Amino acid sequence: MNSSDNFINQENDSVDIVKEVRYYLFFWPWFLASVILFGLGTYIYLRYANTVYQTNATLQVKDASSDPSSFLTEGAGAMFNFNRVKIDNYIAQIGSKLNLSIMTDRLDLRTQVYAVGRVKQSLAFGDEIPFNIVFKTDQDYDQIRLVLEPTEGAIQIGETEEIQFGFLEPFETDDFILIVNANAVEDSSEFLIKRSSKSKTITSLSKQIEINASSKTGDNIDLLVQGSNIERNEAIINTLIDVAHQQQTRDKQEIFALSIDFINNRLGSIKSEIDSLTLKTTGFKSDNQIFSPEAQTTAALSNITTLDQEQFNLTTQRALAQSLKRNLENQNDYSLLPSNIGLYSGNVNDLVVSYNELVLKRKNLLAGATNRNPLVVQLSDQLKDLKGNIFESINNYINSIDTSLSKYKEFKNRTSSEVSKIPGLEASLLSFQRKFQIAEKLFLFLLERREEASISFESTLPNTRVINFANTDYIPIAPKKQILALAAVLLGLLVPFGVLYILKLLDTKIHTRDELEKSIPNLDIMGEVPFVQDMESVKDPRGIFAEASRVIRSNISFKLKDDEDCKVILSTSSIKGEGKTLSAFNIAASYVAAGNKVLLVGADLRNPQLHTLFGINRKSNSKGLSNLISNNLDEVPPDYFVTMNLFNNQIDLLLSGSIPPNPAELLGSQSFIKVLNNVKQSYDYIVIDSAPLVLVSDTIPLLKYADLVIYTTRAHFTDKKLILFINKLVEDNKINNIGLVLNGIKTGAKSYYKYGYSYRYSYQYKYNYGYGYGYSEDKS
């Protein structure tokens, strides 16, 4: 496995729970401060927040059959068919903007009055307000400040000046009238009056009021409103229910009213139609002289029968009269005539009787006398005259019969004609009667329906009934103190936890020896150097710094060959600020304390820092490594070395000297090799402080001359990505013998690992190492 795979795999190692817990516990002041901060914020919020209560009411949608007016409209069919509609329709109707607008006007919800207390403002309503303000215009007001004293008041409208007024008379402006109930003002009180537009008020109410079905299958509707004033909440709910019921009743009454208007209009037109039919029927009967077609037809047929009988009788009389006339004409002598033959003419019958009497009397005379007998002659003359009278009477009678027959025939024809017209006239009359009956029935039906609609109009009830009027739960729904307190504690713990967790996720630095070992398992760690604030403690032979150096020296002994030759130890790092110079100093000081002759060489020619550890002014000593190499001297003059006392022993320093323009070429030259070989003869250990490897190439030529490379990393500073660079150097065989040193380990009671490492980013040495690696000369 290569180094990059090794680096990736070490990220997937299992999490050490104890280590993670100790990491977060180290920041317990953060958690405590966060909990206190959120707790304080919660207390302030609860102190100034208004208590919110919830008010509920329940309505039930009635079945259509429960409407007391429904029995009146059952026979009307589709005309008054009120079917049950969906619950959603009733919810939409109850919460409609029209209902909210009516409720807003009735309760004057556009005006909100707040009682100003020492801590907070509370919404007042109804009897809690010791005054009445009536607005004459639709003007909106952001704030009207009202201060009431027992005897007088002061009002301030917006940013205008305060106006004093008394309670004896109403305070009136162009926009409103203010009437104060002096009996209700006992102490000094302050109020804020706000008036918003009607549209904003309705929008706010529509969001504030919740109307929902109690269940998916039931017929109940729940009304809910939340607010800080219980009386106002209940007034809103109860008024909304009342307005909704009035609207429901008005909607149903509107249907009945439309029906009544329709029926009245129809009754008017039908009445006109009936009157017109009455006039037409009367005129038709008068014009056609028909009153009772059936009776008239019966009478006419009876008359025709009578006429036929009379005509038959007259014809018989005429035949009898003509027979009598022929009998009389056929007589050659006077003989008896038939009498009582059925003639209805009394005159003819009397003359025939008289004639027969004279004939018999003459016949009796002729039995004893001749025709010349005067009595016979007299009787003959009388018979002759009487016979002429009979003829005349018979003719008159026949003429009379003929005249009667003619009139009877004419009357019969006229009667038959009238009888033939009666069916047609009767059909027309029946048509008029049918139209009249239809109009009359419809008129009576509509009269009945109008009465039913009128009764229904007066007895209309809303479609919903109140199950529970507005009822307020006196346990406030907000703010919930227990939940807020718990939330404050949770947030107080979660916020710092989240911040620390995110910082840890974003952190790419090495902090502990464990992390370094997991990152580079194939390299040895020589030791750990603690973080110290006071650089003077570095020179304390009994301090933890010196002890750490001795541990490193012991581990180095296992990395170096056990012979008498001079050992060259090179101290380097990846970037500037990791503490390679301090590591070089520690190692050199440790060997000095052990009685070895040590030379500490400053080979970081670009940014020398070795002189700062010994308090040497570099400008005052211009002789150093760069000058020595540049002069190409065979021997190292003694004045190039600086001897310092350290741990009751002496250590020689070869400082970097003047900053050259070509440090890499100088360190890779034969002159440097000559200098190194020269000083090896005089020292047991040569410790070289070189430049960082990532930033510049100055150290690369020196690696092959080092018996051991001490590679310094710094806790909380060295990026994990730089581990790949170290592995690459080893893989490429640029470094043969290497040991790692972890610098900057912090110790103390606040640590969360066994070595006492604390997780902070504020660490820096007093000589202020940073990331940048400059080329300019140090001016100290």
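The values are calculated or read from the model by the stated rules, or taken from the named source; none is laboratory data. The structure displayed is predicted, hence computed values, not measured ones. FYI the Cβ positions are ideal-geometry reconstructions off the backbone, even for glycines, and counts take in every protein chain you see. Just the protein is used for accessible areas: all its heavy atoms, side chains included, with ligands, DNA and RNA removed. Shrake-Rupley method; radii C 1.70, N 1.55, O 1.52, S 1.80 Å.
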### Task
Answer yes if at least one residue in the stretch 480-503 is among the aromatic types (Phe, Trp, Tyr) and either open to solvent by less than 80 Å² (accessible area, probe 1.4 Å) or closer than 30 Å to residue 268 by Cβ (or both), and no otherwise.
no
### Query
Which residue out of 538, 532 is modelled with pLDDT under 85, under 28 Å from residue 22 (Cβ atoms) and open to solvent by less than 20 Å² (accessible area, probe 1.4 Å)?
532
### Query
Does any residue of the stretch 27-38 turn out to be in a helix (DSSP H, G or I), surrounded by 10 or more Cβ atoms within 10 Å (Cβ to Cβ) and at pLDDT below 85?
no
### Message
Which of the numbered conditions does residue 624 fail, given that it passes all the others? Conditions: (1) surrounded by 22 or more Cβ atoms within 10 Å (Cβ to Cβ); (2) at negative phi; (3) touching a residue at least 40 places away in the same chain (Cβ under 8 Å).
### Response
(3)
### Query
Hey, among 272, 276, which residue is part of a helix (DSSP H, G or I), modelled with pLDDT of 75 or more and open to solvent by less than 60 Å² (accessible area, probe 1.4 Å)?
276
### Task
Looking for whichever is of a type outside the set (Asp, Glu), in contact (Cβ under 8 Å) with a residue 12 or more places away in the chain and under 18 Å from residue 709 (Cβ atoms) here; the options are 612, 581. Which one fits?
581
#### Entry: Criterion: part of a helix (DSSP H, G or I) and either without any contact (Cβ under 8 Å) to a residue 12 or more places away in the chain or over 25 Å from residue 407 (Cβ atoms) (or both) - qualifying residue of 328, 320, 314, 337
328
### Query
When you scan the stretch 649-694, how many residues do you find that are closer than 16 Å to residue 613 by Cα and of a type outside the set (S, T, N, Q)?
9
### Message
Please go through the stretch 592-605 and give me each residue that is at negative phi, open to solvent by 10 Å² or more (accessible area, probe 1.4 Å) and part of a loop (DSSP other than H, G, I, E, B), ordered by number.
### Response
594, 596, 597
### Query
Restricted to the stretch 570-591, and to residues that are of a type in the set (Val, Ile, Thr) and buried (at least 24 other Cβ atoms within 10 Å of the Cβ), which residue is nearest to residue 684 (Cα to Cα)?
587
### Message
Among the residues in the stretch 644-662, are any open to solvent by 20 Å² or more (accessible area, probe 1.4 Å), of a type in the set (Ser, Thr, Tyr) and within 13 Å of residue 603 (Cα to Cα)?
### Response
yes
#### Entry: Test set (1) over 21 Å from residue 674 (Cβ atoms); (2) at pLDDT 85 or above - residue 567 fails condition number
(1)
### Message
Restricting to the stretch 552-591, name every residue that is out of contact with any Ser or Thr (no Cβ under 6 Å at 6 or more places or on another chain), assigned to a helix (DSSP H, G or I) and not hydrophobic (A, V, I, L, M, F, W, C).
### Response
554, 555, 557, 559, 581, 591
### Query
What are the pairs, 6+ residues apart or on separate chains, where a residue within the stretch 129-157 that is under 23 Å from residue 104 (Cβ atoms) and free of Cβ contacts under 8 Å to residues at least 40 places away in the same chain has its Cβ under 6 Å from a residue that is assigned to a strand (DSSP E or B) and among the basic types (Lys, Arg)?
none
#### Entry: Within the stretch 678-723, tally of residues that are over 20 Å from residue 651 (Cα atoms), open to solvent by 10 Å² or more (accessible area, probe 1.4 Å) and assigned to a strand (DSSP E or B)
1
### Message
Here is a check on your reading of the model: is residue 492 within 30 Å of residue 716 (Cβ to Cβ) and without any contact (Cβ under 8 Å) to a residue 12 or more places away in the chain?
### Response
no
### Message
I need the full set of residues from the stretch 605-630 which are hydrophobic (A, V, I, L, M, F, W, C) and touching a strand residue (DSSP E or B) at 6+ places or on another chain (Cβ under 8 Å), in order please.
### Response
610, 614, 616, 625, 628
### Message
Of everything in the stretch 341-367, what is part of a loop (DSSP other than H, G, I, E, B) and open to solvent by 50 Å² or more (accessible area, probe 1.4 Å)? Give them in sequence order.
### Response
341, 344, 367
### Message
Looking at residue 375 and the list (1) in contact with a Leu (Cβ under 8 Å, 6 or more places away or on another chain); (2) loosely packed, with under 14 Cβ neighbours inside 10 Å; (3) at pLDDT 80 or above, which single condition is not satisfied?
### Response
(3)
### Query
Residues in the stretch 197-216: is at least one touching a Ser or Thr at 6+ places or on another chain (Cβ under 9 Å), surrounded by fewer than 12 Cβ atoms within 10 Å (Cβ to Cβ) and not in a helix (DSSP H, G or I)?
no
### Task
Could you please tell me which pairs satisfy a Cβ distance under 7 Å, a separation of 6+ or placement on different chains, a first residue in the stretch 30-55 that is within 26 Å of residue 226 (Cβ to Cβ) and of a type in the set (A, V, I, L, M), and a second residue that is open to solvent by less than 100 Å² (accessible area, probe 1.4 Å) and assigned to a strand (DSSP E or B)?
52/226; 52/227; 52/476; 52/477; 52/478
### Query
Could you say which residue among 250, 232 is surrounded by 18 or more Cβ atoms within 10 Å (Cβ to Cβ) and assigned to a helix (DSSP H, G or I)?
232
### Residues within the stretch 462-487 that are out of contact with any helix residue (DSSP H, G or I) (no Cβ under 7 Å at 6 or more places or on another chain), of a type outside the set (Gly, Ala, Ser) and in a strand (DSSP E or B), tallied
9
### Task
Scan the stretch 116-134 for residues that are surrounded by fewer than 17 Cβ atoms within 10 Å (Cβ to Cβ) and either of a type outside the set (A, V, I, L, M) or more than 28 Å from residue 45 (Cβ to Cβ) (or both) and report the count.
10
